[in-house]
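**Student:** Questions regarding the structure given below will be posed in turn.
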Amino acid sequence: MKYEEFTIEGRNAVLEAFRSGKTIDKVLILKGCQDGPVLSIAREARKHDTLIQYVPKERLASLSRTGKHQGVIAYAAAYAYASVEDMFALAEERGEPPFFFLLDGIEDPHNLGAIIRTANLAGAHGVIIPKRRAVGLTAVVAKASAGALNYTPVARVANLTAVMEELKKKGMWFVCADMGGTLMYDLDLKGPIGLVIGNEGDGVSRLVKETCDMTASIPMKGDIDSLNASVAAGVLAYEIVRQRGYQDKL
């Protein structure tokens, strides 16, 4: 993992970061360490619903650049997270049916940044990412988004499928990218919609796919059978843009 200014090392520094209200995506703690300051950090992490990973000292040593991690390394978000309600507010402000991106386990920060950039350019009202097994809003993501993070809300949720079920109650439909799905041109992608993009290697997980209302396939004529996650997101997003009547607004 690249060392950057949003990496915080040392017990006092990490504890102070939590207490100052900084958004911490993940904290790594030395496995088996049970002393007071470390227990306080773990308590703060749980209070803020931050992901905790207990790791061996060799792992911490390999990630540390200061050599003074004291058994704790935290990764702070480069940008503050929004809420799903913020996204609905943005859609209402624009007078448009909600259009969200939901990312099921994107791990590459360059992919996440590129997808946030696409979401902004396609007029989406926000991006929803899971807290576990996925990259957060790191400095690399911010750079790859080319400024889009300043305008596109990103919410981080504990359970993607639970959020999808709640959004369905508000009238949203969900479509996920899947090679075995219906050709995207044959689907009705208008109205309040969530575009679901899966992990770079494994695609959309089973539970998330089962929660989707539609699966869309992208026509491909080459010799390989899949697209990069951020490219797939762009292709499907612009089919949604086309169907939502972009030309009518020019």
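The values are calculated or read from the model by the stated rules, or taken from the named source; none is laboratory data. Note that this is a predicted model, so its numbers are computed, not measured. Backbone-built Cβ (ideal geometry, glycine too); neighbour counts: all protein chains shown. Only protein heavy atoms, including side chains, enter the accessible area calculation; ligands, DNA and RNA are left aside. Shrake-Rupley method; radii C 1.70, N 1.55, O 1.52, S 1.80 Å.
**Student:** So, of the residues in region 135-161 that are under 15 Å from Leu51 (Cα atoms) and in contact (Cβ under 8 Å) with a residue 40 or more places away in the chain, which turns out to be surrounded by the most Cβ atoms within 10 Å (Cβ to Cβ)? Show your work before the answer.
**Tutor:** So in region 135-161, the residues under 15 Å from Leu51 (Cα atoms) come out as 135-138, 156-159.
Among the residues that remain, those that are also in contact (Cβ under 8 Å) with a residue 40 or more places away in the chain are: 136-138, 156-158.
Values: Gly136: 24, Leu137: 26, Thr138: 23, Arg156: 19, Val157: 18, Ala158: 10.
So, considering only residues that are under 15 Å from Leu51 (Cα atoms) and in contact (Cβ under 8 Å) with a residue 40 or more places away in the chain, the one surrounded by the most Cβ atoms within 10 Å (Cβ to Cβ) is Leu137.
**Student:** Going through region 50-80 one residue at a time, which ones are over 17 Å from Thr138 (Cβ atoms) and open to solvent by 80 Å² or more (accessible area, probe 1.4 Å)?
**Tutor:** Tyr54, Lys57, Glu58, Arg59, Lys68, Gln70
**Student:** Then there is this: Which numbered condition in (1) surrounded by 15 or more Cβ atoms within 10 Å (Cβ to Cβ); (2) at pLDDT below 90 is the only one that Gln34 fails?
**Tutor:** Of everything listed in (1) surrounded by 15 or more Cβ atoms within 10 Å (Cβ to Cβ); (2) at pLDDT below 90, Gln34 misses just condition (1).
**Student:** On the basis of being in contact with a Phe, Trp or Tyr (Cβ under 6 Å, 6 or more places away or on another chain) and over 30 Å from His48 (Cα atoms), does Asp213 make the cut?
**Tutor:** Values: in contact with a Phe, Trp or Tyr (Cβ under 6 Å, 6 or more places away or on another chain): yes; over 30 Å from His48 (Cα atoms): yes.
Judged against the criteria, Asp213 is a match.
**Student:** Can you go through Tyr54, Tyr79 and tell me which one is aromatic (Phe, Trp, Tyr) and over 17 Å from Arg156 (Cα atoms)?
**Tutor:** None of the others qualify; the one that does is Tyr54.
**Student:** In a loop (DSSP other than H, G, I, E, B) and surrounded by 13 or more Cβ atoms within 10 Å (Cβ to Cβ): is that true of Ala177 in this structure?
**Tutor:** Considered against the rule, which asks whether it is in a loop (DSSP other than H, G, I, E, B) and surrounded by 13 or more Cβ atoms within 10 Å (Cβ to Cβ), Ala177 comes out as no.
**Student:** For residues that are closer than 15 Å to Glu9 by Cα and free of Cβ contacts under 8 Å to residues at least 24 places away in the same chain, tally how many sit in region 59-99.
**Tutor:** Residues meeting the conditions: 3.
**Student:** Restricting to region 100-143, give me the number of residues that are under 12 Å from the mean Cα position of the chain (by Cα), outside any strand (DSSP E or B) and among the charged types (D, E, K, R).
**Tutor:** 5
**Student:** Restricting the search to region 163-202, which residues are of a type in the set (Gly, Ala, Ser) and touching a residue at least 12 places away in the same chain (Cβ under 8 Å)?
**Tutor:** Listed by number, the residues that qualify are Gly171, Ala177, Gly180, Gly181, Gly191, Gly194, Gly198.
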